[in-house]
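The values are calculated or read from the model by the stated rules, or taken from the named source; none is laboratory data. Predicted, not measured: the structure shown is a model, and the values here were computed from it. Note that each Cβ is placed from the backbone with ideal geometry, even for glycine, and that neighbours are counted across all protein chains shown.
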Amino acid sequence: MPAPAIPPDTFRTRDALMEKLPGLLADAPKDEGTLDLIVMRPDAESRLLPERIEVTAADGLPGDHWKHGAGNMRDDGTADPDAQICMMMSGCIEAIAGPRENWAPAGDNFFLDMDLTPANMPPGTRFSIGTAEFVVTARPHNGCQKFIDRYGRDACLFVNTGAGKDLRLRGIYARVTKDGTVGLGDRVRKLI
């Protein structure tokens with residue numbers, strides 16, 4: 001299905017988003033959260049919403065366009081493993097886009113009800129979802145022109161500047177460290 005645009009009359013202002021910031025951070029679980037949405041992107045404009053999917057260290061989400069670059073290529077032309085899986089806090093995308101049916105165009109693979117801020121999930125943090133395991137990478141995840149087109153300039157400024165950037169509200173990247181299956185509603189757990 002093509003990624004639908006969010007009508008401009010639904011774009012949230014930066015001020016309105018900043019008002020939601022304290023609540024979305026306070027409500028996000030710290031050590032154990034939930035996988036709320038899975039998005040597989042066969043190409044830049046397509047979105048599939050599986051209820052369950054296998055993830056692998058070799059391919060990330062098999063069939064996702066990450067493997068073909070998706071804007072994150074290394075110098076040798078291969079996909080950057082540090083950008084294998086992109087994730088965003090469910091509370092943040094809900095503040096920006098509203099109902100869940102508007103989340104997939106953001107372009108993230110997983111939307112998690114979990115605190116993804118650097119204080120809670122710094123690079124190197126290991127975590128599990130379903131039977132798979134992941135590690136947070138240091139690669140920055142930033143809003144781009146497509147994010148602006150889909151949610152408005154203020155939403156992009158909210159996640160890319162000031163507190164939004166410091167808190168990584170646009171999301172994080174992770175690599176698969178143990179192959180497994182993830183499904184909607186699965187627990188997200190930080191590993192010791």
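Details
- Hits in region 171-192 - residues which are closer than 18 Å to residue 124 by Cα and outside any strand (DSSP E or B): 171, 179, 191, 192
- Residue 155 vs. criteria touching a Leu at 6+ places or on another chain (Cβ under 9 Å) and farther than 18 Å from residue 30 by Cβ: yes
- Filtered residue count, region 31-50, keeping only those that are at pLDDT 95 or above and either on the phi > 0 side of the Ramachandran plot or not aliphatic (A, V, I, L, M) (or both): 6
- Number of residues in region 51-92 that are modelled with pLDDT of 90 or more and over 22 Å from residue 146 (Cβ atoms) equals 9.
- Residues of region 1-56 that are in contact with a Lys or Arg (Cβ under 7 Å, 6 or more places away or on another chain) and more than 21 Å from residue 89 (Cβ to Cβ): 1, 5.
- Residue list for region 101-148, filter: part of a loop (DSSP other than H, G, I, E, B), under 13 Å from residue 90 (Cβ atoms) and charged (D, E, K, R): 108, 115
- Filter pass, residue 29 being in contact (Cβ under 8 Å) with a residue 24 or more places away in the chain, farther than 18 Å from residue 142 by Cβ and part of a loop (DSSP other than H, G, I, E, B): yes
- Test result for residue 108, crowded, with 19+ Cβ neighbours inside 10 Å, of a type outside the set (A, V, I, L, M, F, W, C), touching a Gly at 6+ places or on another chain (Cβ under 6 Å) and touching a residue at least 60 places away in the same chain (Cβ under 8 Å): yes
- Pick from region 10-36, criterion hydroxyl-bearing (Ser, Thr, Tyr) and over 16 Å from the mean Cα position of the chain (by Cα), ranking: surrounded by the most Cβ atoms within 10 Å (Cβ to Cβ): 13
- Contacts under 7 angstrom Cβ, first residue in region 141-156 being among the aromatic types (Phe, Trp, Tyr), partner surrounded by 17 or more Cβ atoms within 10 Å (Cβ to Cβ) and assigned to a loop (DSSP other than H, G, I, E, B), 6 or more apart: 151/6; 151/11
- The combined condition, being in contact with a Phe, Trp or Tyr (Cβ under 8 Å, 6 or more places away or on another chain) and modelled with pLDDT under 95, is fulfilled by residue 141.
- Total residues in region 41-68, condition surrounded by 14 or more Cβ atoms within 10 Å (Cβ to Cβ), hydrophobic (A, V, I, L, M, F, W, C) and assigned to a loop (DSSP other than H, G, I, E, B): 3
- Selected residue [modelled with pLDDT under 90 and under 26 Å from residue 152 (Cβ atoms)] from 4, 22, 99: 4
- Evaluating residue 167 against the criteria (1) at pLDDT 95 or above; (2) surrounded by 17 or more Cβ atoms within 10 Å (Cβ to Cβ); (3) at positive phi leaves one unmet condition, (3).
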